[in-house]
1. Pick from Ile210, Ile40, Ile92: which residue has the top mean-square fluctuation in a GNM of the chain where Cα pairs under 10 Å get a spring?
2. How much accessible area does Cys115 have with a 1.4 Å probe, in Å² rounded to the nearest 10?
3. On a 0 to 90 degree scale, rounded to 10, what angle separates helix 122-135 from the longest Cα axis of the chain?
4. Comparing Ala160, Ala129, Ala113, which has the greatest mean-square fluctuation in the GNM of the chain with Cα pairs linked when under 10 Å apart?
5. Taking springs between alpha-carbon atoms closer than 10 angstrom, which of Tyr218, Tyr91, Tyr12 fluctuates most in the Gaussian network model of the chain?
6. Counting helices only, and only those DSSP H runs with n ≥ 4, report the 222 nm mean residue ellipticity of the chain as the sum of -39,500 (n - 2.57) divided by its residues, in deg cm²/dmol to the nearest 500.
7. Please identify the GluC sites (Glu not before Pro) of segment 77-146 that satisfy two criteria: DSSP loop assignment and at most 12 other Cβ atoms within 10 Å. Which are they?
8. About the Cα centre of segment 3-227, what is the dipole size in debye to 20, counting +1 per Lys and Arg Cβ and -1 per Asp and Glu Cβ, all else neutral?
Amino acid sequence: MDIIGQKLHKDYIRKTGSSNVFTALFETDITLSSGTVTVIHGRSGGGKSTLLNILAGIVTPTSGNVFYDDMDFFSLDDEKRSSFRNRHIGYIPQGTSAVSSLNLRENILLPLALCDDTSIDTKSVKTRADELMKRLDIIGICEAKPSELSGGELRRMAIARALLFSPELLFADEPTGDLDDDNTRLVFDMLKSSASEGSAVLIVTHENDIQGLADKIYRMDAGVLFDE
C-alpha cells in the first residue's frame, strides 16, 4: 500500500504571541511507497511529527489530502479511520504510550483486543507477540506493569505493539529515543525488515547514521520539507 500526501498544510490557532496563527507545516507533497523506508530528520519543532501524524490520520490537516492507494483517508469518519488504523497501521509514538492498568504483554496485545476483524487468527497473533518480545528482549518482564518498566523497556513495548499485525504502513516517531546503541541498531533492523516484507515505513529521527537505513531521506526545517 502506498501513501500519497497532496498539498498538506497545517495551521494551529494560538491565543498569545504576535500572531494568532502558527503554521506547523507549509504546503507539502510526499509519497511513501510500499517496501521502502523513508526518513525525515531535522531539529525539534521543525514540523516532522506534525507531518507524520497527518499521514497516519491522527492529526487533521488544515488543507490537503492523504490517499492510501485510492482511498481518501480523511473522507472516512473517525470510527472507520480508527478501525483501519488499528488493523493496517503500526504507530510508534514519542513518549510513553502504555495503558497503566495493563501489563507489558497486554499492552502489546491491545490492538488485538480492539480489533473488529473476525477473520484474525488470535492464536497466531499471540504467538507473534511472544516472538517480538523475545527479539526485543522483554519476554522476561511480560507480566510487569508500566510503572515497573524503564524508558527503554516501554519504548520496546511500543515497538512490539506497532509490529504486532505486520502492518502495511508503519510510522515511527523517534523510535530509538530511549534506547542504547545495541537496541537502536536492533530496532532499525526490524524496521528495515518490515519494509523488506512490503510495509511502507516512515521514520522521524534525530539519528544521524541513517544513510544505510533509508531508501529516501528528507530534511525538515520550520515546517518546510526538503529533498536530500
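1. Ile210
2. Accessible area, nearest 10 Å²: 30 Å².
3. Once rounded, the angle reads 80 degrees.
4. Ala113
5. Tyr12
6. -9500 deg cm²/dmol
7. Glu143
8. Dipole about the Cα centre, nearest 20: 360 debye.
The values are calculated or read from the model by the stated rules, or taken from the named source; none is laboratory data. No experiment lies behind these values; they were computed from the predicted model shown. Positions of Cβ are backbone-derived with ideal geometry, glycine not excepted, and every protein chain shown enters the neighbour counts. Note: accessible area is taken over every heavy atom of the protein model, side chains too, but ligands, DNA and RNA are not part of it. Shrake-Rupley method; radii C 1.70, N 1.55, O 1.52, S 1.80 Å.
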